[in-house]
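K.L.:
Next up is a structure, given as structure tokens.
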Amino acid sequence: MELLKKWLGHPEDIYNLLRFKMGGYRAVMPRVDPDSLGCGLRTCYRYLNQTSRSFAAVIQALDGELRHAVCIFYLVLRALDTIEDDMTISLDVKVPMLHEFHSYLYQPEWKYMESKEKDRQVLEDFPTISMEFRNLSKVYQDVISDICHKMGVGMAEFLEKKVESQHEWDKYCHYVAGLVGIGLSRLFSASELEDSIVGQDTELANSMGLFLQKTNIIRDYLEDQMEGREFWPREVWSRYAKKLSDLAKPENIDMAVQCLNELITNALHHVPDVLTYLSRLKNQSVFNFCAIPQVMAIATLAACYNNKQVFRGVVKIRKGQAVTLMMDATNIQAVKAIMYQYVEEIYQKIPSTDPSSNKTQQIIASIRAMSLPSGPMASRHHYSPIYLSCAMLLAALSWQYLSTISKATEEYVQAGEN
């Protein structure tokens, strides 16, 4: 009955889940035919699907040779990240590995067989990944190697260092996500699917990564606490608690939510850059690849804002909501309308007593100015009474069937969770 109540509360989700399941996903996430690939690339795409179902879906939708370059880029960084995450590797071994990892791309036999991480196959079969890396055009190789080098150095820097200031928060997010945005942008331009300015404007590309990474860090507070990880900047949380873990205590919930709201306000400052970046894209597959995670992120922040549940459990956007975002975010006007919708949702929840309320209102005003809705997308969530009645009837008749659909589509709608 809980599932039925969920569908009745959001009848538009039913229509969009069905539309997605019945072929809508093909428009935004067409699949690669494995029979068209050589043995090495086929193996790489299998690893891609095993290590990240969400990224696998959007990567495979990219056009031409860019698809393979981004697939290899992802697997190389996944291997690097697996080294960083493996707590069984001593620091005297790990630090040199992180610094030198980019050089392993040119060592055909290099592999690492002692990892205990779940994604260790990308290290154990690194020769296949590095072979396909060397098969890429040199312009792609140079980008991937350079970003891998810079990221490895940054990861090593933060191995024994906690995030203290907001500046260091930006720096950490740059190393683990901003560099990804910069690398992808350079690949887009190298493919000639996008203009050179996309790869050259590193500030905007960095903001694309920072917005996604900060959203994940904010949302994953409780999970990270349970795993013994801390990514919220001390400069912020120390104004609300003596220890970061204290924010999860029931008696501190009001201060915890104020801290949460301040960090969300910080993350929202990247949205203008995101909109400017997306407005420059010309290729449809690149636009979808970039826009879908960003609209998922703004929806996630809207769900987290002023929400005590962040400190009690998991906050996620609905599957039907995610599917709707994926199918709608196919042009800049649609993305602007989505951004407008969710910052308005945040605006309506701003407590008058919140210490960050003025700053939150100011950044929302800036985003509004850039994303004022126009055209049909401005009323994208207005449904006629007849439609709503039909949708509710459909929900009552088919809620059990739709529970199966939601599981079947789960691999497509978890963008940003890995």
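The values are calculated or read from the model by the stated rules, or taken from the named source; none is laboratory data. As the structure is a prediction and not an experimental result, all values here were calculated from the model. Backbone-built Cβ (ideal geometry, glycine too); neighbour counts: all protein chains shown. Surface accessibility is based on the protein's heavy atoms, side chains included, excluding ligands, DNA and RNA. Shrake-Rupley method; radii C 1.70, N 1.55, O 1.52, S 1.80 Å.
K.L.:
Of (1) modelled with pLDDT of 55 or more; (2) open to solvent by 30 Å² or more (accessible area, probe 1.4 Å), Ile346 satisfies all except one. Which?
P.N.:
Single failed check for Ile346: (2).
K.L.:
Which of the following residues is in contact with a Cys (Cβ under 7 Å, 6 or more places away or on another chain), hydrophobic (A, V, I, L, M, F, W, C) and open to solvent by less than 50 Å² (accessible area, probe 1.4 Å): Phe126, Phe158, Phe188, Phe101? Talk me through it step by step, then tell me what you get.
P.N.:
Values: Phe126 fails: in contact with a Cys (Cβ under 7 Å, 6 or more places away or on another chain); Phe158 fails: in contact with a Cys (Cβ under 7 Å, 6 or more places away or on another chain); Phe188 fails: in contact with a Cys (Cβ under 7 Å, 6 or more places away or on another chain).
Exactly one of Phe126, Phe158, Phe188, Phe101 is in contact with a Cys (Cβ under 7 Å, 6 or more places away or on another chain), hydrophobic (A, V, I, L, M, F, W, C) and open to solvent by less than 50 Å² (accessible area, probe 1.4 Å), namely Phe101.
K.L.:
Separate question: State which residue pairs qualify: first residue acidic (Asp, Glu) and inside the stretch 102-114, second residue open to solvent by 40 Å² or more (accessible area, probe 1.4 Å) in any location, beta carbons under 8 Å apart, and separation of 6 or more residues or different chains.
P.N.:
Pairs that qualify, where the first residue is acidic (Asp, Glu) and the partner is open to solvent by 40 Å² or more (accessible area, probe 1.4 Å), are Glu114/Thr88.
K.L.:
Pick from Gly228, Gly154, Gly209, Gly181: which is in the same structural domain as Ser90 (by the TED database), under 30 Å from Glu262 (Cβ atoms) and free of Cβ contacts under 8 Å to residues at least 60 places away in the same chain? I'd like the intermediate steps shown before the answer.
P.N.:
Numbers: Gly228 fails: in the same structural domain as Ser90 (by the TED database); Gly209 fails: in the same structural domain as Ser90 (by the TED database); Gly181 fails: in the same structural domain as Ser90 (by the TED database).
When all the criteria are applied, what remains is Gly154.
K.L.:
Listed residues Asp354, Asp328; which is in the same structural domain as Ser279 (by the TED database), open to solvent by less than 70 Å² (accessible area, probe 1.4 Å) and modelled with pLDDT under 95? Can you show your working first?
P.N.:
Details: Asp354 fails: modelled with pLDDT under 95.
After applying the criteria, what remains is Asp328.
K.L.:
Looking only at residues in the stretch 148-182 that are assigned to a helix (DSSP H, G or I) and among the hydroxyl-bearing types (Ser, Thr, Tyr), which one is farthest from Asp224 (Cα to Cα)? Break it down into steps so the answer makes sense when it comes.
P.N.:
Step one: of the stretch 148-182, the residues assigned to a helix (DSSP H, G or I) are 148-157, 166-182.
When the remaining residues are screened for being among the hydroxyl-bearing types (Ser, Thr, Tyr), the result is 172, 175.
Working: Tyr172: 16, Tyr175: 19 Å.
Of everything passing the filter in the stretch 148-182, Tyr175 is farthest from Asp224 (Cα to Cα).
K.L.:
Yes or no: Val93 without any contact (Cβ under 8 Å) to a residue 40 or more places away in the chain, open to solvent by 30 Å² or more (accessible area, probe 1.4 Å), assigned by the TED database to the domain that holds Leu77 and of a type in the set (A, V, I, L, M)? So that I can check it myself, show each step before the final result.
P.N.:
On the way: without any contact (Cβ under 8 Å) to a residue 40 or more places away in the chain: yes; open to solvent by 30 Å² or more (accessible area, probe 1.4 Å): yes; assigned by the TED database to the domain that holds Leu77: yes; of a type in the set (A, V, I, L, M): yes.
Yes, satisfied.
K.L.:
Condition (residue is at pLDDT 95 or above, open to solvent by less than 60 Å² (accessible area, probe 1.4 Å), of a type in the set (Ser, Thr, Tyr) and in contact with a helix residue (DSSP H, G or I) (Cβ under 7 Å, 6 or more places away or on another chain)) applied to the stretch 68-88: is it met by at least one residue?
P.N.:
Yes, because at least one residue in the stretch 68-88 is at pLDDT 95 or above, open to solvent by less than 60 Å² (accessible area, probe 1.4 Å), of a type in the set (Ser, Thr, Tyr) and in contact with a helix residue (DSSP H, G or I) (Cβ under 7 Å, 6 or more places away or on another chain).
K.L.:
State yes or no: is Glu230 among the charged types (D, E, K, R), over 19 Å from Phe287 (Cα atoms), open to solvent by less than 70 Å² (accessible area, probe 1.4 Å) and not in a helix (DSSP H, G or I)? Outline the logic, then answer.
P.N.:
Working: among the charged types (D, E, K, R): yes; over 19 Å from Phe287 (Cα atoms): yes; open to solvent by less than 70 Å² (accessible area, probe 1.4 Å): yes; not in a helix (DSSP H, G or I): yes.
Spelling it out, Glu230 is indeed among the charged types (D, E, K, R), over 19 Å from Phe287 (Cα atoms), open to solvent by less than 70 Å² (accessible area, probe 1.4 Å) and not in a helix (DSSP H, G or I).
K.L.:
Could you list, in sequence order, the residues of the stretch 269-290 that are within 16 Å of Tyr340 (Cβ to Cβ) and hydroxyl-bearing (Ser, Thr, Tyr)?
P.N.:
Correct list: Thr276, Ser279.
K.L.:
Let me ask something else. Can you tell me which of Lys111, Lys118 is open to solvent by 40 Å² or more (accessible area, probe 1.4 Å), modelled with pLDDT under 95 and not assigned by the TED database to the domain that holds Glu227?
P.N.:
Answer to the selection: Lys118.
K.L.:
Name the one entry in Asp125, Asp142, Asp195, Asp146 that is modelled with pLDDT of 95 or more, outside the structural domain of Gly38 (by the TED database) and charged (D, E, K, R). Walk me through how you get there before you give the answer.
P.N.:
Details: Asp125 fails: outside the structural domain of Gly38 (by the TED database); Asp142 fails: outside the structural domain of Gly38 (by the TED database); Asp146 fails: outside the structural domain of Gly38 (by the TED database).
Selected residue: Asp195, the only one of Asp125, Asp142, Asp195, Asp146 that is modelled with pLDDT of 95 or more, outside the structural domain of Gly38 (by the TED database) and charged (D, E, K, R).
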